[in-house]
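Asker: I'd like to ask some things about the structure below.
The values are calculated or read from the model by the stated rules, or taken from the named source; none is laboratory data. This structure is a prediction, so every number in the text was calculated from the model and none was measured. We place every Cβ from the backbone using ideal geometry, glycine too, and count neighbours over all the protein chains shown. Protein only, heavy atoms only, side chains kept; ligands, DNA and RNA dropped before computing areas. Shrake-Rupley method; radii C 1.70, N 1.55, O 1.52, S 1.80 Å.
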Amino acid sequence: MSEARKHILGAVRRSLKREQPTAEERRHLEARLADPQAGLIPARGRRPHDEQLDLMEEMLVELSATVARLPGEEAVPQAVSDYLKGENLPPKLRLAPRDDLRALPWDSQPLLEVAEGIAEEPDSTSLTGAFAGIAETGTLMMASGPEAPITLNFLPENHIVVLRASQVVGAYEEAWTQLRRRFGAGVLPRAVNMITGPSRTGDIEQTIQLGAHGPRRLHVLLIEDGPGAAADETQTPAAGNGQAD
């Protein structure tokens, strides 16, 4: 541990009036971390999966996001073009550098300009995947990594997310369980972002303003990929769980 980190953590402990845990306390904490227990899950998070999909869409719409349900991945490029045209947005897209998104039939949309990588200031629209969709609140869980730069989640004013039906779970506890399973015990990606609707604030005269500190539009492409499909297999942990900024 670096000296700077020791100093910071020491200051936190002193402010909390806590010392280093005893050996017994450490064993207790390690046992809890090794076997995390779910809290009370609301009934809305324990619905059958087809009802979870409907709830996910309902909550997203209630949160001022928009949703398009697609029969398969091949429909994504057309849906993206239709969305950009319908919102009168430039036909330009910054794509997360993921193999599954890269492999989509973008050639079917010759007027759409597609580039990939981290978001840059001129980018108006990004397209990413997601790690999970949490139906009880309509929240998207985003796990950072080389194939998922977090700048794509926040910098462009318009964020399009490809979410597979198999990635939708009922409650937060299920999403965290999947994250632990994917990355391994005691390991997390560098950043986990929870996105619940477009960016908004009510600080200015108590009037809701969209796009205050992130995208003003969130559009989710919910893909029916069958009950047996695995969730987001392309977002595997890279060495060191690094993140492209």
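Asker: Report the residue count in segment 34-68 for those that are touching a helix residue (DSSP H, G or I) at 6+ places or on another chain (Cβ under 6 Å), more than 27 Å from F183 (Cβ to Cβ) and open to solvent by 30 Å² or more (accessible area, probe 1.4 Å).
Answerer: 1
Asker: Is it the case that some residue within segment 72-82 is in contact with a Leu (Cβ under 6 Å, 6 or more places away or on another chain), hydroxyl-bearing (S, T, Y) and surrounded by 12 or more Cβ atoms within 10 Å (Cβ to Cβ)?
Answerer: Looking through segment 72-82, at least one residue is in contact with a Leu (Cβ under 6 Å, 6 or more places away or on another chain), hydroxyl-bearing (S, T, Y) and surrounded by 12 or more Cβ atoms within 10 Å (Cβ to Cβ).
Asker: May I pose another question? If only one of P36, P42 is touching an Asp or Glu at 6+ places or on another chain (Cβ under 7 Å) and within 30 Å of D225 (Cβ to Cβ), which one is it?
Answerer: Working: P36 fails: touching an Asp or Glu at 6+ places or on another chain (Cβ under 7 Å).
On inspection, the qualifying residue turns out to be P42.
Asker: Looking only at segment 94-112, which residues are under 21 Å from I150 (Cα atoms) and outside any loop (DSSP other than H, G, I, E, B)?
Answerer: Residues satisfying the conditions are R94, L95, D99, D100, L101, R102.
Asker: Residues E121, E74: which one is within 20 Å of P156 (Cβ to Cβ) and of a type in the set (D, E)? Step through it out loud before you land on a result.
Answerer: Numbers: E74 fails: within 20 Å of P156 (Cβ to Cβ).
Within the list E121, E74, the selection yields E121.
Asker: Return yes or no: is A135 closer than 11 Å to V192 by Cβ and buried (at least 23 other Cβ atoms within 10 Å of the Cβ)? So that I can check it myself, show each step before the final result.
Answerer: Working: closer than 11 Å to V192 by Cβ: no; buried (at least 23 other Cβ atoms within 10 Å of the Cβ): yes.
Considered against the rule, which asks whether it is closer than 11 Å to V192 by Cβ and buried (at least 23 other Cβ atoms within 10 Å of the Cβ), A135 comes out as no.
Asker: When you go through P198, P146, P156, P189 one by one, which is the residue that is in contact with an Asp or Glu (Cβ under 7 Å, 6 or more places away or on another chain) and either open to solvent by 10 Å² or more (accessible area, probe 1.4 Å) or not acidic (D, E) (or both)?
Answerer: On the way: P198 fails: in contact with an Asp or Glu (Cβ under 7 Å, 6 or more places away or on another chain); P146 fails: in contact with an Asp or Glu (Cβ under 7 Å, 6 or more places away or on another chain); P189 fails: in contact with an Asp or Glu (Cβ under 7 Å, 6 or more places away or on another chain).
When all the criteria are applied, what remains is P156.
Asker: Any idea how many residues of segment 137-162 are of a type in the set (D, E) and either outside any loop (DSSP other than H, G, I, E, B) or under 16 Å from A191 (Cα atoms) (or both)?
Answerer: Looking only at segment 137-162, we keep the residues that are of a type in the set (D, E), and these are 147, 157.
Okay, now just the ones that are also either outside any loop (DSSP other than H, G, I, E, B) or under 16 Å from A191 (Cα atoms) (or both), so 147.
Here the count works out to 1.
Asker: Still on this structure: For segment 1-91, give me every one of the helices (runs of 4 or more DSSP H) that falls completely inside it and has 3 or more residues that are over 21 Å from G138 (Cβ atoms) and free of Cβ contacts under 8 Å to residues at least 40 places away in the same chain.
Answerer: Working: elements: 3-16, 23-34, 49-62, 76-86.
Ranges flagged: 3-16, 23-34, 76-86.
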